[in-house]
Amino acid sequence: MSGSPPGQRPAMTFTVGHGTDRGLLREVNEDAHIAADPVFAVADGMGGHEAGEVASHECIAVLGRQPVLAAGNRNATTADLRRALQEADQRIRDVADARAGTTLSGAVLVEEDGIPYWLVFNVGDSRTYRLSRGVFEQISVDHSEVQEMVDAGYITAREALVHPRRNVVTRALGTGNDTEADYWLVPVEHGDRLLVCSDGLSGEVTDDHMHRTLTTVGNPQEAADSLIRAALHSGGRDNVTVIVVDAAAAPQQDPVQDAPLGGHHD
Amino acid sequence: MTSTLYRPGPWLGIKRSGAVVILAPGTDPGLVTPLWESLADAPSVDGILNEITHSFGTALTAMPPFGIVLCTDRLHVVLRGEVTLTALHGDEETVVSGRDVSTWSERTLPLPDGYELSLGGYDDGESALGARVAWLPLGDAVVLLSGLADGTPLDETSLDEAPPWAEDDEAAGGSAVTHEGPGPEEEPDAEAGDLAMEADETEADEAAYATFAQAADAEWSAELDGPDEDEPSAEQGGAQAPYEPEFDEPEFDEPEFEELESREPESGEPEFQAPESAGADSAWQDSGDSGPGHAVAPMTADDMPPLPPTPPTVAAVVPDPAAVQHTDADDGLIDAVPWRHTPAAGMAQPIVGPFDVPQGAPVDAPAESAGSRPPTGPSVLARLCPQGHANPPQHSSCALCGLPITTEAQQVAQPSLGRMHLSTGEVIDLDHSLVIGRHPSVSRVPGGAMPRLVQVEGPGGDISRSHVEVRLEGWDAVLVDLEATNGTVLLREGQEPRRLDPGEEVPLVDGDVAELGEGVWLSFEGLR
């Protein structure tokens, strides 16, 4: 969507596609998202009687009005995000009286020493994945009961997919006393594709399917639409929200010194 | 000798070796003797706390209020329930209360000029009686009391004269503390009037304890039981079989919501308002126990029904070594303390947050740590020399300027521990953890502890994407191999070059050099 200021590396441009769907069974879409450089995030609200919708939207609204996340800014730090998330947490508690919470996952574009990174953050079980050099991996780690069972070796990742407790989140913003996000910092490389989604996608569509779609559908908006359709086809039991962000070294900048992919373009 | 005073009442007070332990009326007197013995020499907060918590077993709900006050180089305070300590530093009052927390409040303060312990009215008559009884001197002894005031924290130089404020108290005819200003409920006369309110608070506390205990129970059962994998459970959030939560985190059950939302609104109450399974299946339901107004909220320390949010000054722990050691105590109980979950404090590693810094003390980075990060980065416990240089708390003179250090230890922004020189010519101040590699990345760190990334060229592939970390742990810089494919070689004066084992961590010393491969090296200077 916009270029980053030229650093010692070729400037990156970012293209985003995104969408959300209520799903086939829910009456309300309690997901909310923001896809505005430098912040790309999905919030999945929970709580009865539309309170979840309030929680997720408040959360995204707080993110959207952070000065440090203003368009084109690359200076956000973990500390900034942490403050923003604390503010969101408090805001949700204020408006929803701790009756509702929201997950939050996504990434902020930052630069250190002129090198772009994804500062990935996560609270709950929405997810951030990355496709880089053909490798598709989940960056965020869910805060969920089944994830903890997987970590402890009680169940396998495959069993987690169908476990009856798979929807139980152990951390969220706006409720509970554990609201701390985890953070990752991963370099942005030419050709990388970031996927942020609610569990309405990851609960319906396998990682393999996501990988295949992201590899075969070039346009990020079409990729996002395709993934949402896939979630609906496979049941659409939950709200589904998808953001796809492509990073590409700007072609007309100075000669690519360190191009990792040797000019791979979709 | 000392100017400790007490006011007779129903609480049990044990004073010995600079420690004061308060036990609520009705506490098993059998606890007194072992406690008295344990205070015989060099008592520690950990030791006393263990003694008390062990004697009450693991049932938090059954744990009565108590108080521990220990004078060493600082004033250590642990309070549970209706026990309030007011410490006086010059004109400043610091109030620590055991109220409104699920477990107990813990603080360490600079040694005060004096302090007073007010013990809540456990029983109307006793409290009213306490308010009328004069203050009496107290040596090392076990007494029944309703309040305690200490004028001198075992400072030999001033033992002979009681502090003026204490004398004033006596002159005033039994009024506890004469410090001006809005002293919270320290006036003994106020206690009787507070009784009705206190009764309410007691109820609230009990509800809070009950809620807390469910989570704690769940945690303990997690240690005993594996997860109930073969539990028959309905898909999509139907009525679930009783389930013991395995985790200490609050949890909420989305299927419950799904079920609610898919129904008509009028059927929306049962799962929310009333726990249907005996084991309180989820925290959402747990909270149903504590009142209909909080049906959705998982158990937390700070949303118990009528209680205000726990002020950070009460819940936060000064992460000094003693406190850290305490939270690591192995009795299983400690893992569940609320401050473990507050975003502000409680991690084993230094994290950002409004740490409980002594009032009036500067929190700013000392002169030498002009880091490029905002002052929200990691912090360490330090003592500042007169010139403002941060030193490890055990230092008695400044490592930089040699001036004697007399100040109390406090949290300061991570000072620079030295410098790292790269083969590229770059020099990086060690005021932040670093991850060095060809395309470095950082995985899953809790907020505030994000290392800085340092990219180095490695076209030959000998250097891994994230190769090695320089991790700052308090006052130590530690070299951590990040399971780099070709490893890291440590060159240390007087030793053979040594390849680190994958994942190995080595505390760095001044002059160390780490070779990453392809001519890339890091050298460490100015370490102390």
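The values are calculated or read from the model by the stated rules, or taken from the named source; none is laboratory data. Just so it is clear, the structure is predicted and the values come from calculations on it, not from any experiment. So basically every Cβ, Gly included, is an ideal-geometry build from the backbone, and we count neighbours across all protein chains shown. SASA here: full protein model, heavy atoms, side chains in, ligands and nucleic acids out. Shrake-Rupley method; radii C 1.70, N 1.55, O 1.52, S 1.80 Å.
For the range A:145-229, give the percent of accessible area contributed by carbon and sulfur heavy atoms, probe 1.4 Å, rounded to a whole number.
Values: 1420 of 2860 Å².
Carbon and sulfur together cover 50 percent of it.
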Exercise. When the Cα centres of the range A:48-91 and the range A:160-185 are compared, how far apart do they sit, in Å?
Worked result: 17
Problem set entry | Sites B:THR485 and A:TYR154 - FRET efficiency at Förster radius 25 Å, r taken between beta-carbons, to 0.05 | 0.20
For this session: Determine the shielding of peptide A:16-29 by partner chains: average, over its residues, the number of Cβ atoms on other chains within 10 angstrom of each Cβ.
Result: 1
For this session: Please calculate the 1.4 Å probe accessible area of A:MET210, with all protein chains present, and give it to the nearest 10 Å².
Result: 0
Exercise. If you line up the long axis of helix A:78-96 against the longest principal axis of chain A, both from Cα atoms, how many degrees apart are they, to the nearest 10?
Worked result: 30
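Sorted by packing (mean other beta-carbon atoms within 10 Å per residue), highest first, where do B:438-445, A:68-75 land? Don't skip to the end; give the middle numbers.
Numbers: B:438-445: 19.2, A:68-75: 15.8.
Ranked by mean Cβ neighbours within 10 Å, highest first: B:438-445, A:68-75.
Considering every residue in A:39-47, what mean count of other chain Cβ atoms within 10 Å of its Cβ is obtained? Working shown, then result.
Working: counts 0, 0, 0, 0, 0, 1, 1, 9, 8.
Per residue, the number of nearby Cβ atoms from other chains is 2 on average.
What is the range A:12-249 by shape, rounded, prolate or oblate, if you read a ≥ b ≥ c off the alpha carbon gyration tensor as root eigenvalues and call it rounded for a/c under 1.5, prolate for a/b larger than b/c, and oblate otherwise?
Values: a/c = 1.41, a/b = 1.08, b/c = 1.31.
The shape class here is rounded.
What shape does the range B:64-103 have by the C-alpha gyration tensor, where a ≥ b ≥ c are the square roots of the eigenvalues, rounded means a/c under 1.5, and otherwise prolate means a/b greater than b/c and oblate the rest? Don't jump to the answer; show the numbers that get you there.
Values: a/c = 3.01, a/b = 1.53, b/c = 1.96.
Oblate, since a/c reaches 1.5 and b/c is not below a/b.
Listed highest first by mean packing, meaning other Cβ atoms within 10 Å per residue, what order do B:400-409, B:9-18, B:509-518, A:104-113 come in? Show your work: numbers first, answer last.
Values: B:400-409: 14.5, B:9-18: 21.8, B:509-518: 18.5, A:104-113: 24.4.
Top to bottom by mean Cβ count within 10 Å: A:104-113, B:9-18, B:509-518, B:400-409.
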For this session: Shielding by partners for A:132-141, please: the mean number of other protein chain Cβ atoms within 10 Å of each residue's Cβ.
Result: 1
Exercise. How would you order B:138-149, A:115-126 from highest to lowest mean count of nearby Cβ atoms within 10 Å?
Worked result: A:115-126, B:138-149
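Protein chains only, probe 1.4 Å: how do B:SER416, A:SER234 rank by accessible area, largest first?
Numbers: B:SER416 15, A:SER234 50 Å².
These residues rank, largest area first, as A:SER234, B:SER416.
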Exercise. Just from its helices, what would the mean residue ellipticity at 222 nm be for chain A, if runs of 4 or more DSSP H residues each count -39500 (n - 2.57) and the sum is divided by every residue, rounded to the nearest 500 deg cm²/dmol?
Worked result: -8500 deg cm²/dmol
Exercise. So what does B:ARG107 come to for accessible area, using a 1.4 Å probe and Å² rounded to 10?
Worked result: 10
